[in-house]
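Trainee: Below is one structure. I have some questions about it.
No lab work stands behind these numbers, since they all come straight from the coordinates. Quick caveat, the model's predicted, so the values are computed rather than measured. Cβ sites come from the backbone with ideal geometry, for glycine too, and all protein chains shown count toward neighbours.
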Amino acid sequence: MAQFIGPHINYTGKVLNHAYTSASVDYGVYTCLETGTFTTKTAISCSVLIVGAGGGGGSGLGGGAGGGGVFYKDGHGMSAGKYTVTVGQGGAGGTGKGAGVQGGSTIFDGVTATGGAGGNGREAVGSYTNPANSGGSSSDNTGGAAQAGGTDLSATGWTYSGGNDAGTSNVGAVNYPGSGGGGAGGNGGTPANSSAAGGYGGIGVQIDANGANLYWAGGGGGSTYNTGAPSGNGGAGGGGGAGKSSVGGVWSSTAHGNGGSGSFNPGADGYVADNPAGQISGGSAGANTGGGGGAGAYNEGIGGKGGSGIVIIRYKAA
């Protein structure tokens, strides 16, 4: 086992490495959490996961953000040498009723997984460059227009998950539910009607890249106003839950959207207005999941930050 956790392989950057055994096969795993350089002194065949960062949620009755794109390949050959790893940073949440920021791209060995789109704000529609999955929209004011769809990416020999759309919204008054951002494994949720819950974040894609069989790049949930129906949950894969305006002026601990689970790090729950801390922001996506941030609540709740990307390299013992 020392070959892949000892001197033959090294990573300059924030990294987790571990070894495990499955079906009588020994594996070593390098989980690259930040940008750095991966060095191997010998040729290796490995599986590689590349996840783009998630976008930031929209502000003030906004839409949930899209998750990043995901590439995976088993049996990827790497010659001895140095390889640059660029880990995308999660997009900032929208402020002042504005749209969230697109997540950054994650790049490894010539393959680029783009980031997810930010969610629309109450008064702003996001415009993004080749987002992996699109961001949700508001049900109030000018933020109700739908974004362009997610982008289908490709790389020879790799499996891509992404290109999914956010839910649609703009259903108007009462609870003003925003729609959920698209995840790497499915579209974001569309509110059923003007009194309904906020749209859920789209599910991420489940890939066993490190022995844990986790979900990656779930979408962020859409926010709601002040009726009883809750805000949208983040998608499995670290998506952030949406914030919630007060429920008839009374704080409720259950009206926010819950963060997405089943991921490398869970997404954070959204906040409810009139809570003890006075916050109305959306929940941030889980770090290094590629999840989209949850939407902020009325009036100018800040959208949750998107989850940063990740690169995981797994190989068998020689």
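Trainee: Ranking request for peptides 209-218, 174-183: highest mean number of other beta-carbon atoms within 10 Å first, then the rest in descending order.
Mentor: Output ranking for 209-218, 174-183: 174-183, 209-218.
Trainee: Using modelled backbone amide H atoms (1.01 Å from N, in-plane), which distant-in-sequence or interchain residues come within less than 5 Å of V272's amide H?
Mentor: Under 5 Å from the amide H of V272 lie the amide H atoms of K244, each far enough along the sequence or on another chain.
Trainee: Given +1 on the Cβ of Lys and Arg, -1 on the Cβ of Asp and Glu, and no further charges, what dipole in debye does region 92-226 carry about its Cα centre, rounded to the nearest 20? Walk me through the intermediate numbers first.
Mentor: Working: 2 positive and 6 negative charges, 56 e Å.
The calculated dipole for region 92-226 is roughly 260 debye.
Trainee: Would you work out the relative contact order for the chain, in percent, from Cα pairs under 8 angstrom that are 6 or more residues apart? It would help to have the intermediate numbers written out before the result.
Mentor: Working: 1654 pairs, mean separation 64.7, N = 318.
Reported relative contact order: 20 percent.
Trainee: Could you give each residue of region 149-165 its phi-based ³J(HN,Hα) in whole Hz, using Karplus coefficients 6.51, -1.76, 1.60 with θ = phi - 60°, and x for Gly or Pro?
Mentor: Rounded to whole hertz, the list is x, x, 9, 7, 9, 8, 8, 4, x, 9, 9, 10, 10, x, x, 9, 9.
Trainee: Farthest toward the dipole's positive end in the chain, which of G172, G183, S194, given Cβ charges of +1 (Lys, Arg) and -1 (Asp, Glu) about the Cα centre?
Mentor: Toward the positive end, the furthest listed residue is G183.
Trainee: Another question, if that's okay. Under unit Cβ charges (Lys, Arg +1; Asp, Glu -1), what dipole magnitude, rounded to 20 debye, does the chain have relative to its Cα centre?
Mentor: It works out to roughly 440 debye.
Trainee: What number of lysine-lysine pairs in the chain show an alpha-carbon separation below 25 angstrom, given a sequence spacing of 8 or more or placement on distinct chains?
Mentor: The number of close lysine pairs in the chain is 14.
Trainee: Enumerate the amide H contacts of I310 below 5 Å, restricted to partners 5 or more residues apart or on another chain; note that Pro and chain-start residues carry no placed amide H.
Mentor: V51, G88
Trainee: Where does the chain land on Rg(C-alpha)/(2.2 N^0.38 Å)? List each step's numbers first, then the result.
Mentor: Numbers: Rg = 19.2 Å, N = 318, 2.2 N^0.38 = 19.6 Å.
Ratio of Cα Rg to 2.2 N^0.38 Å: 0.98.
Trainee: Under a crude label model (7 Å from the Cα following the beta-carbon direction), how far is L16 from A317 in nanometres?
Mentor: Rounded to a tenth, the inter-label distance reads 2.2 nm.
Trainee: Take peptides 228-240, 258-270 and line them up by average Cβ neighbours within 10 Å, highest first, as a rough protection proxy.
Mentor: Details: 228-240: 36.6, 258-270: 27.8.
Top to bottom by mean Cβ count within 10 Å: 228-240, 258-270.
Trainee: Cut-off 10 angstrom, C-alpha nodes, Gaussian network model of the chain. Which of S22, S47, S308 fluctuates the most?
Mentor: S22
Trainee: Less than 12 Å Cβ to Cβ from T12, Lys/Arg counted +1 and Asp/Glu -1: what total charge do the surrounding residues give? List each step's numbers first, then the result.
Mentor: Details: positive: K14, K82; negative: E34.
Residues near T12 contribute +1 overall.
Trainee: Hey, what do the phi angles of region 223-235 turn into as Karplus ³J(HN,Hα) couplings, whole Hz, using 6.51/-1.76/1.60 and θ = phi - 60°, x for Gly and Pro?
Mentor: Each residue's phi maps through the Karplus curve to give 8, 9, 8, 10, 8, x, 5, x, 6, x, 7, x, x Hz.
Trainee: Considering the options G218, F264, T95, tell which one lies farthest towards the positive end of the dipole of the chain, charges being +1 on Lys and Arg and -1 on Asp and Glu at the Cβ, about the Cα centre.
Mentor: Result: F264.
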